[in-house]
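The structure appears below as structure tokens.
The values are calculated or read from the model by the stated rules, or taken from the named source; none is laboratory data. What you are looking at is a predicted structure, and each value in this text was computed from that prediction instead of being measured. Virtual Cβ from ideal backbone geometry, glycine too; neighbours counted across all protein chains shown. Only protein heavy atoms, including side chains, enter the accessible area calculation; ligands, DNA and RNA are left aside. Shrake-Rupley method; radii C 1.70, N 1.55, O 1.52, S 1.80 Å.
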Amino acid sequence: MIKEEEVSQRAFELATRVLGPLVLGGTITPVRPLGARLALAIGDRPIADADLRTRIDVARVRRARLLAAVDTLPDLTGAEWAMVAALNDLVQVTNHELASRLTRGRHVRLLASVRELCEHLPPPRDVRSALGRHATFANVLSVSRTDTLVSWWTGRANFRGQPPTPRLLRWRELRRVRVEPRAVPLSEMCEGLEVVRGEEFADALTMWLSRSPLTDLATATRKAPLFGWSASTLSLVATPLGRTLAWRALARQPVDLVHATVTRAARELPAGFLPAKELADGFAAEVVASMKPKAS
Amino acid sequence: MLDRVAVHQTRLRTPGLGLEAKGVALGSRGLVLLPSIDRLVAFLALFTRGGSLEDILRSLTVEVVRSKLGAREVTLTFNAESSDRMDRVSEVARLAGGYTFTGTSRHFVQYRDAAAPFGYDIAQITPTETALALYHNAFSQTYDVERKIDVRSLLMRLQPHPDPATEREAGARWICAESGLGPALIHYFVRSSVEAEVGVAEWPPESSFDDAPVRRYLFRVPAVPERMGPLLTRTPGLGVFLPVAPGAAVEVGFRHPVNLRACPVFPDAGLVLFRGRGLDPLELPRLPALGDVTAFARVELRKQIGTAKTTAQAIRPDAAAIALRLVPTTEPWRAVTATWIRSEEMAILRHVAYALGPDTLRKARVAFTDEGAFLRQPNGIEGIPVGEFFREIHPGLYIPAGYDAVPAVAPEVLYRALGAPVGQVLFVGRDGRTVGVPNDSFVSLEAALLEAQSWAPLAAEAAFDTSAETQLPEVVLGSVGIRPLRDVAPAAESKPEGGTSEA
């Protein structure tokens with residue numbers, strides 16, 4: 001039995017340290033992993049910090065209005081809270097400080113928890129809630145981590161998502177210190193961890209993305225993980241309004257990449273799923289027909 | 001015997017007595033000893049004739065004291081504060097036959113007089129347990145307090161003296177009428193066009209034999225005509241009162257012994273009516289609600305008025321109904337504030353939208369319908385040269401600019417003939433066909449351009465610029481503490497029960 005005070009406290013941390021920076025921009029400092037049970041226990045609740053709630057609402061509406069003429073969005077639902085928790089845990093999977101040499105199984109265990117949590121998250125009930133989820137998580141693939149490689153005349157040190165130790169930056173000229181920061185996107189954050197394979201992490205991220213189908217479509221031309229039709233994205237484009245939103249989301253991406261992505265994704269659908277394949281093919285054909293590459 | 005205080009004397013024997021800046025011996029309190037209640041009233045009357053009692057009222061205590069021999073006298077004690085105040089009190093007390101003393105708590109010594117300009121000091125203190133010890137050149141006496149006298153109660157108990165001069169004083173009047181006379185007086189005032197306010201006040205039953213409260217009508221008359229004076233003052237059951245202070249009025253023909261204006265003991269919200277001829281005063285803790293007497297004037301209703309039947313009820317001859325037509329007119333265009341943009345002209349509007357100024361975009365309102373877009377601009381639609389222009393002939397009714405409706409009925413009549421629909425804006429086309437657009441569907445053109453992304457790239461770029469100001473989220477990793485997975489269920493444990501559901 002989870003105490004309500006603890007859930008409220010963890011939700012507050014999650015809102016201020018993860019959700020707020022994700023929607024508004026800024027530094028995400030992941031909180032201690034929540035796990036599936038605690039994430040689902042948060043449920044429908046408003047953000048406790050009224051000021052943060054207002055700013056997030058404004059930012060979500062601003063994001064949603066890029067796709068649809070809406071003035072208000074539904075409040076954060078339990079599913080969205082759980083998605084934030086899952087994202088937090090997914091980032092924590094990539095945290096090298098999560099485990100020591102003797103507890104290396106923690107990464108795999110946490111990744112399994114994320115997958116389990118995503119499996120329990122329902123797809124959006126309607127187009128409005130899909131838009132609401134997208135408004136919250138549209139920035140997710142913009143999340144990056146800055147790794148810094150510090151090298152000096154006798155050695156080097158790599159800092160994953162942490163600022164370099166000031167000690168190593170002293171006497172720069174004398175020690176010939178070089179600092180090379182590198183932005184690591186979310187899809188590549190797992191690199192450098194031996195305990196979790198990149199494919200597993202990409203699968204979990206794909207599963208997480210599929211819970212916000214409009215975000216999945218709005219980032220369809222990403223390099224990794226590759227876009228593929230899921231039940232939720234197909235459900236979205238099956239409705240006229242969802243189809244319009246999906247078209248608008250795709251219209252904001254390079255046309256040639258969009259053509260290639262939707263065509264490939266439709267082709268990759270197994271032939272056995274005939275209705276889904278027809279839907280994907282029809283949407284791809286419509287996109288190809290309506291979006292013309294700009295004449296240079 | 002008392003010692004006179006000398007010039008530059010610094011030490012005094014009387015407890016609580018000091019020297020003020022002028023060198024006068026003064027305690028923190030002043031005391032006036034009066035031989036009787038009559039003298040007290042005389043003192044108050046004399047004092048209030050020359051100034052207000054308000055200064056000393058807050059600290060004033062009136063007590064009946066008794067000497068060892070059983071003689072009862074009256075004392076007034078108050079904050080001395082300065083010799084100026086004490087000098088004035090002393091003069092009035094002397095006139096009223098009293099003595100003035102000064103001291104602090106128990107021992108009071110005679111205040112200064114002509115024989116001792118700096119006051120007096122005691123040669124030897126009388127040991128006593130009584131409440132007061134007064135030291136005078138002529139006597140020294142101790143007193144015990146018998147009872148206190150409330151100034152307000154004292155003023156209420158004082159009976160006004162006859163003074164016919166008050167009848168001639170100008171100004172407002174309060175009139176108190178017994179319940180039977182009230183309505184008659186109201187109509188008398190209404191008939192005579194006398195401006196007055198009236199209310200009904202209630203007093204507790206005068207005796208236990210009365211089971212209902214006593215009701216009286218209370219009138220406030222800004223100016224009583226002179227001719228009404230005798231009637232109002234001599235009619236039994238009527239009382240005319242002259243306001244003498246906030247919250248107090250004295251019956252005309254009488255005057256209160258004390259100047260009540262100088263005694264702010266009656267609250268403004270209430271009213272005390274001092275009656276002459278030995279009658280008790282009437283006290284109202286709170287004024288009743290007062291209303292203009294004209295509201296109580298007698299009204300007479302006429303019989304049922306026969307009205308002509310309206311046109312809707314009358315039988316309309318079919319031959320009189322004709323169709324509405326629009327004919328071109330050479331009249332100059334006025335109030336051209338709307339345009340009807342057909343679907344085929346929407347492309348022109350898109351082009352024109354780029355050239356529109358911010359003021360036009362903000363003020364213009366547009367509604368999109370199956371018949372095209374309807375654009376309204378209260379300042380004139382000429383700035384958006386697209387579509388067919390309309391002029392507003394009635395709020396919510398437009399006809400094409402350059403056309404007049406025939407028959408030349410009034411716009412209101414035409415609007416009513418169209419049913420005067422609430423919340424609809426009507427556009428009469430040149431072919432006589434009328435379309436109605438819901439008023440709610442008109443939105444700001446600015447907003448419409450922003451929302452219609454497919455044909456308003458301006459809005460999309462503006463939105464992108466705004467979102468580009470947002471800082472990108474960046475992850476900073478840190479320590480997760482001891483047992484970071486304490487909330488994560490072990491792999492072997494059963495899966496969580498059910499998922500969340502969308503609200």
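Helical content of the protein assembly as shown, expressed as a calculated mean residue ellipticity at 222 nm, amounts to -9000 deg cm²/dmol (DSSP H runs of 4 or more residues, -39,500 (n - 2.57) each, divided by residue number, nearest 500).
Can you give the alpha-carbon Rg of the stretch A:220-296 over 2.2 N^0.38 Å, where N counts its residues?
Working: Rg = 12.0 Å, N = 77, 2.2 N^0.38 = 11.5 Å.
Output field value: 1.04.
Restricting attention to the stretch B:325-424, which chymotrypsin sites (Phe, Trp or Tyr not before Pro) occupy a DSSP loop and are surrounded by at most 12 other Cβ atoms within 10 Å?
On the way: sites: B:333, B:340, B:354, B:368, B:374, B:389, B:390, B:398, B:403, B:415; in loops: B:333.
Sites meeting the loop and neighbour criteria: B:333.
For the residue pairs B:22/B:148; A:223/A:292; B:22/B:68, the C-alpha atoms sit more than 26 angstrom apart in B:22/B:148; B:22/B:68. The average projected area of the stretch B:319-380, computed from the convex hull of its Cα atoms over all directions, is 6.8 nm².
Along the axis of the charge dipole computed for chain B (Cβ charges of +1 for Lys and Arg, -1 for Asp and Glu, origin at the Cα centre), the listed residues B:364, B:120, B:403 are led at the positive end by B:120. Derived scalar couplings between HN and Hα for the stretch B:430-443 equal 5, 7, x, 7, 10, 10, x, 10, x, 4, 5, 7, 7, 10 Hz in order, rounded to whole Hz, by the Karplus curve 6.51 cos²θ - 1.76 cosθ + 1.60 (θ = phi - 60°), x for Gly and Pro. Look at the stretch A:195-202: the mean tally of other chain Cβ atoms within 10 Å of its residues' Cβ atoms is 0.
Taking the Cα centre as origin and putting +1 on Lys and Arg beta-carbons and -1 on Asp and Glu beta-carbons, what dipole magnitude results for chain B, to the nearest 20 debye?
Numbers: 53 positive and 58 negative charges, 470 e Å.
So the dipole magnitude of chain B works out to roughly 2260 debye.
Roughly how much accessible area, to the nearest 100 Å², goes out of reach of solvent when B and A pair up, both sides summed, probe 1.4 Å?
Details: alone 30310 and 15680 Å², together 41880 Å².
Interface between B and A: roughly 4100 Å².
Can you give the angle from 0 to 90° between the axis of helix A:127-137 and the longest principal axis of chain A, with both taken from C-alpha atoms, to the nearest 10? That works out to roughly 20 degrees. Solvent-accessible surface of the stretch B:1-156, averaged per residue with a 1.4 angstrom probe and all protein chains in place: 49 square angstrom. Across A:58, A:258, A:177, mean-square fluctuation computed from a Gaussian network of chain A (C-alpha pairs under 10 Å connected) peaks at A:177. Computed over chain B, the P(r) tail beyond 42 angstrom holds 63 percent of alpha carbon pairs. Overall, chain A carries a charge dipole of about 1040 debye about its Cα centre when +1 sits on the Cβ of Lys and Arg and -1 on the Cβ of Asp and Glu, all other atoms neutral.
Spin-label model, residue A:50/residue A:4: points 7 Å from Cα along the beta carbon direction are separated by 2.1 nm. Counting Cβ atoms of other protein chains within 10 Å of each residue's Cβ and taking the mean over peptide A:33-45 gives 4.
Sparsely packed loop sites in the stretch A:218-296 (the chymotrypsin sites (Phe, Trp or Tyr not before Pro) outside DSSP H, G, I, E and B with at most 16 other Cβ atoms within 10 Å) comprise A:273. Ellipsoid semi-axes for the stretch B:28-74, based on the Cα gyration tensor and the rule √(5λ), read 22, 14, 7 Å when sorted largest first.
For the modelled label position 7 Å from the Cα of residue B:125 along Cα-to-Cβ, which residues of the stretch B:92-110 have backbone nitrogen atoms closer than 14 Å? Under 14 Å, as judged by backbone N against the label point of residue B:125, lie B:103-109 of the stretch B:92-110. Between A:284, A:183, A:218, the GNM of chain A built on Cα springs shorter than 10 angstrom shows A:183 fluctuating the most.
Quick check: residue separation of residue A:223 and residue A:288 times 0.36 nm, minus the Cα distance between them. What number comes out in nm? If you can, show how the numbers build up before the last one.
Numbers: separation 65, 0.36 × 65 = 23.40 nm, distance 2.01 nm.
Result: 21.4 nm gained on full extension.
Is the shape of the stretch A:1-120 rounded, prolate or oblate, going by the alpha carbon gyration tensor and its root eigenvalues a ≥ b ≥ c, with a/c under 1.5 for rounded and a/b larger than b/c for prolate? Don't skip to the end; give the middle numbers.
Values: a/c = 2.00, a/b = 1.75, b/c = 1.15.
It comes out prolate by the Cα gyration axes.
Highest mobility in the GNM of chain A, judged by mean-square fluctuation with C-alpha springs under 10 Å and restricted to A:213, A:185, A:275, is found for A:275.
Alpha-carbon geometry of the protein assembly as shown: the Rg and the Dmax are 47.9, 132 Å, given in that order. Note on residue B:54 and residue B:106: the extension gain reaches 16.2 nm, defined as 0.36 nm multiplied by sequence separation minus the Cα-Cα distance.
Keeping every protein chain present and rolling a 1.4 Å probe, give me the accessible area per residue for the stretch A:220-296 in Å². Show your work: numbers first, answer last.
Working: 4150 Å² over 77 residues.
On a per-residue basis, 54 Å².
Per-residue mean of other chain beta-carbon atoms within 10 angstrom of the beta-carbon, peptide A:109-120? Before the final figure, lay out the partial values.
Numbers: counts 5, 3, 0, 3, 7, 1, 0, 5, 4, 1, 3, 6.
The per-residue average across the peptide is 3.
Rounded to the nearest 5, the antiparallel percentage of DSSP beta bridges internal to chain B is 90%. Residue B:266 exposes around 10 Å² of accessible area when a 1.4 Å probe is run over every protein chain in place.
Under the rule of at least 5 residues apart or a separate chain, name every residue whose amide H is placed under 5 Å from the amide H of residue A:26. For residue A:26, the qualifying residues are B:472, B:474. Note on residue B:165 and residue B:334: their simple-model spin labels are 7.1 nm apart, each label 7 Å out from Cα toward Cβ.
Would you mind telling me the share, in percent, of accessible area of the protein assembly as shown contributed by carbon and sulfur at probe 1.4 angstrom? Could you put the intermediate results ahead of the total?
Values: 22450 of 41880 Å².
On the protein assembly as shown, the fraction of accessible area on carbon and sulfur atoms equals 54 percent.
Here the 3J(HN,Hα) profile of the stretch A:90-101, calculated from phi with Karplus coefficients 6.51, -1.76 and 1.60 at θ = phi - 60°, is 5, 5, 5, 4, 8, 7, 5, 8, 5, 9, 10, 5 Hz, Gly and Pro shown as x.
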